[in-house]
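The values are calculated or read from the model by the stated rules, or taken from the named source; none is laboratory data. Values in this document were obtained by computation on a predicted structure and should not be read as measured data. Here the Cβ is made from the backbone with ideal geometry for all residues, glycine too, and neighbour counts use every protein chain on show. The protein model used for the area step is the full one, side chains on, heavy atoms only, and it has no ligands, DNA or RNA in it. Shrake-Rupley method; radii C 1.70, N 1.55, O 1.52, S 1.80 Å.
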Amino acid sequence: MKGNSLSTNIKDVQIVKDTITITDSIISKECLYQNLSKTNDFKLVYYEKYSGSEISNRYWDVIVYDKGKRKIDSIRQNLNIFSSSFVNFDDAKSYLTGVNTKRKVVDNYNGGFVVADFNFDSKNDFAIINDIGGTGGPFYSFYIQKDNSKFELNKFLQDSVIYFPSKIDKTKRMLITNVHEGACFIGEYKYKFEKGEWKEISKKLIDICKEQ
C-alpha cells in the first residue's frame, strides 16, 4: 500500500486511481481527474475515520490543481452515507467537457462529483454529495470558483436548492430541480441567478399519476 495519499505528484493520464491507504484509524482512497475541466485537475479523496471498530466519520477532500500541476485549493466536505460501496469514482461528471453527461440519471443521482458552471460566469464550479438523502435523491454541496481561482461553498445552493439541478439553463440563467414528493407528485422548482445571487422564482407540483 502506498502512503502519502495527498501527494501532489500528478501522472500524465486522464484518470488516476490510487491504492487504498491505511493510516492509524483512517482509511482513504483517491482518484485524480484530468478530464473534467479545461483549466483545472481535481483529486478526490474519500476518508473513513474509525473509533475502535466503528466508523465515526466519513468525509471528502477535493484538491484542485491548475493544468501546470500547481495546487490552488483544498476543500473538506463531510459525507453522510450508509456504506462506502456508495462511493464510486467512475461516475464523476462534467458539463464543461461532456464526461459522463449521457449517463442516465436515476432518482436525481448525478454522480458523486460534478463539474459545471452554476452561476454562468464561465468558471469551473463543482457539486459534491454530502448526504445520501431520501426519496428525492441525494443532497449536494455546491462550490463556486471565485476570481482568485479558489472555491467557496454557496449556502443557498446547499441549503435551499439541495438537489442537483435537472436542468442548467444558461440562456435564462436558471437552475431547475425536479424532486419526487409522494407517490404521484414531482415538485418543480426554478431558481434564477441575477444581481449576483440566486432566488427561487417559482414552484409547482406535477401530478404524474394523472398524466399517465
Open item on the list: Leaving out ligands, DNA and RNA, and with a 1.4 Å probe, what % of the accessible surface on the chain is carbon or sulfur?
Closed with: 48
- [ ] Taking Cβ-Cβ under 4.7 Å as the only way to count a partner, pick out the unpartnered cysteines of the chain.
- [x] 31
Open item on the list: List the trypsin sites (Lys or Arg not before Pro) within the range 108-190 that DSSP assigns to loop and that have no more than 15 neighbouring Cβ atoms inside 10 Å.
Closed with: 146, 150, 170, 172, 173
TODO: Using a Förster distance of 22 angstrom, determine the FRET efficiency expected from the C-beta separation of residue 56 and residue 88, and round it to 0.05.
DONE: 0.45
Open item on the list: Can you give me the accessible area per residue for the chain, using a 1.4 Å probe, in Å²?
Closed with: 54
- [ ] Would you kindly state how much longer the chain becomes between residue 104 and residue 203 on full extension, computed as 0.36 nm times their sequence separation minus their alpha carbon distance, in nm to one decimal?
- [x] 33.2 nm
Open item on the list: Given contacts defined as C-alpha pairs under 8 Å and at least six residues apart, what's the relative contact order of the chain, whole-number percent?
Closed with: 10
TODO: Enumerate the residues in the range 78-116 having an amide nitrogen under 17 Å from the point lying 7 Å beyond the Cα of residue 181 toward its Cβ.
DONE: 108
